[in-house]
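Structure record follows, encoded as structure tokens.
Read-outs: derived from the displayed coordinates by stated rules, not from any lab. Note that the structure is predicted; figures quoted are calculated from it, not measured. Cβ: placed from backbone, ideal geometry, glycine included. Neighbour counts: every protein chain shown.
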Amino acid sequence: MARRRDWAGLSDDYRARLQGAGITRADYEAGASLRSARGHSAAYPGPRERREIIGRLDADQQTLADRQAIRRWSESKARPAWTKASGAFPLSDELALRMQAAGVRHPRTWEEAPGFTPAPRGEDWTMRVMYKDGTYAEVKIPWGMHDEALAFGTDAAGEYPDLGELTIYGY
């Protein structure tokens, strides 16, 4: 069983350090993370938090904290290198986050070029990636990002090398 934290048992210097990091007595005794107070940078968002952030982005309820978390993720080793600006398939932070949260793997594992299900103006599109192992991943693409998604993985001529042409379903 975990021992209860006692604020009164802390030295004055350590209490001041915690308070300087924004941790109150109630937070400390409730078991709040002391990561920032110990000099560690804020962690990048994990898989569950990434899905929650995407939910808020879709609902147009993103916060400054969400944008900061996306930036931390983007600058971390958790972001796939092939999606970074210097990678083989550079993507915006938000589209890369959406693709990773949906489980999209490196294009070398794709069976064919991605397929897109368009939607009326202003509504989300769906991108579907089929893999060589027979599985697939689907990504919801917000209206304003569909041009970037359509260009993803294409060469200078707008074609998918070794994968054929992309598919637009329903056309």
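Overview of results
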| read-out | value |
| --- | --- |
| Residue-span extension gain [ALA16 to SER76] - 0.36 nm each, minus C-alpha spacing | 18.6 nm |
| Ordering of 66-75, 120-129 by packing [mean C-beta count within 10 Å, highest first] | 66-75, 120-129 |
| Potential lengthening between ARG56 and LYS132 on full extension [0.36 nm per residue; Cα-Cα distance subtracted] | 24.1 nm |
| Protection proxy ranking of 9-21, 107-119, 133-145, 89-101 - average other beta-carbon atoms within 10 Å, highest first | 89-101, 107-119, 133-145, 9-21 |
| Length-normalised contact order for region 63-137 - Cα pairs under 8 Å, 6+ apart - percent | 19 percent |
